[in-house]
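The structure under discussion appears below in the form of structure tokens.
The values are calculated or read from the model by the stated rules, or taken from the named source; none is laboratory data. What you are looking at is a predicted structure, and each value in this text was computed from that prediction instead of being measured. Using ideal geometry, Cβ is built from the backbone for each residue, glycine included, and neighbour counts are taken over all protein chains shown. These accessible areas exclude ligands, DNA and RNA; they are computed on the full protein's heavy atoms, side chains included. Shrake-Rupley method; radii C 1.70, N 1.55, O 1.52, S 1.80 Å.
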Amino acid sequence: MKIAFWSEDDGCGTTSAMAAVASVCSNAWNIKTVLMQSRGLAGDLCGKFECGALSGMVREESAYYALDGLDYLLWQEKNNRLDTSAVRENVVAVVKDKMFYLPQGRCSSPYLCRQDIKGGMLRVAERVEQIADFMFLDCGCGKDEMTEDLLAQADVVAVNLSQERESVEACFERQRGWRGKVVYIINRYRQESVYNRKNISRIYRLCDGELCVVPEDLFFGSAGDKGQLERFVRRHLKSASFAFDPHQYFMRELTRTAGLILRAAGYAE
């Protein structure tokens, strides 16, 4: 099952939201997840986790360029050698046996032309999806043909919003040809904003379950910057039921968001 995260604009917290939702799925419901980013993004997914450094895996050299991570899989796909064993060798464990991510690769190969990458990304994503229950794909705010193709193949598209008027309007005005269900997520959510959950649902006639939020939480943001995002989620999942936990509201809404996305994908947590 493929869940793609996308935003109309940069800086909407898409990568952090995706990593947090996947962390809830793996830690709260024992779901096997794998995360990856579309090639060409900044590669900041690895910085969210304590195992962020690549584990010294250099699989193949081509014309003096050592390839690993996503670039290695793209090279394997180009040469018709890509299989799930190659995917398993290149993902990095975040939570043993339950949560993994695919690094972008330390070196980008100059021998992968744009056309190779476009077709290759679609097929690599299909292979990565095969090693877990859910594959989470960060598409950033891409609007190119490759991104559109990746979104069109997703079972669920999580559209990430800010609470700025221009961003919200642009997002809902855009026509899309996606086959999967769409869930909207307001990241760094502030209830006092004019564009809060109630008003956006009313203006754009969203049904219950179509719009969810990941509240603003400075400690969550700091944990992500330090590579401790999964640890933060795991720790506060255990204490979210206690009134004294200052992150109770954040964790309640994050867990609700993860549940709505799974439900859209046809999974009952």
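Quick notes on this structure:
- Taken as a whole, the stretch 224-231 holds no residue that is farther than 23 Å from residue 35 by Cβ, buried (at least 16 other Cβ atoms within 10 Å of the Cβ) and in contact (Cβ under 8 Å) with a residue 60 or more places away in the chain.
- Selection of the stretch 173-203 for residues being open to solvent by 40 Å² or more (accessible area, probe 1.4 Å) and within 23 Å of residue 3 (Cα to Cα) yields 173, 174, 175, 176, 177, 179, 181, 182, 188, 197.
- Filtered residue count, the stretch 232-255, keeping only those that are of a type outside the set (Val, Ile, Thr), closer than 14 Å to residue 27 by Cβ and open to solvent by less than 60 Å² (accessible area, probe 1.4 Å): 7
- Selection over the stretch 158-207 of residues that are within 18 Å of residue 220 (Cβ to Cβ), in a strand (DSSP E or B) and under 17 Å from the mean Cα position of the chain (by Cα) gives a count of 7.
- Restricting the first member to the stretch 186-203 and to residues that are without any contact (Cβ under 8 Å) to a residue 40 or more places away in the chain, and the second to residues that are β-branched (Val, Ile, Thr), the beta-carbon pairs closer than 6 Å and six or more apart or on different chains are 186/213; 195/168; 197/213.
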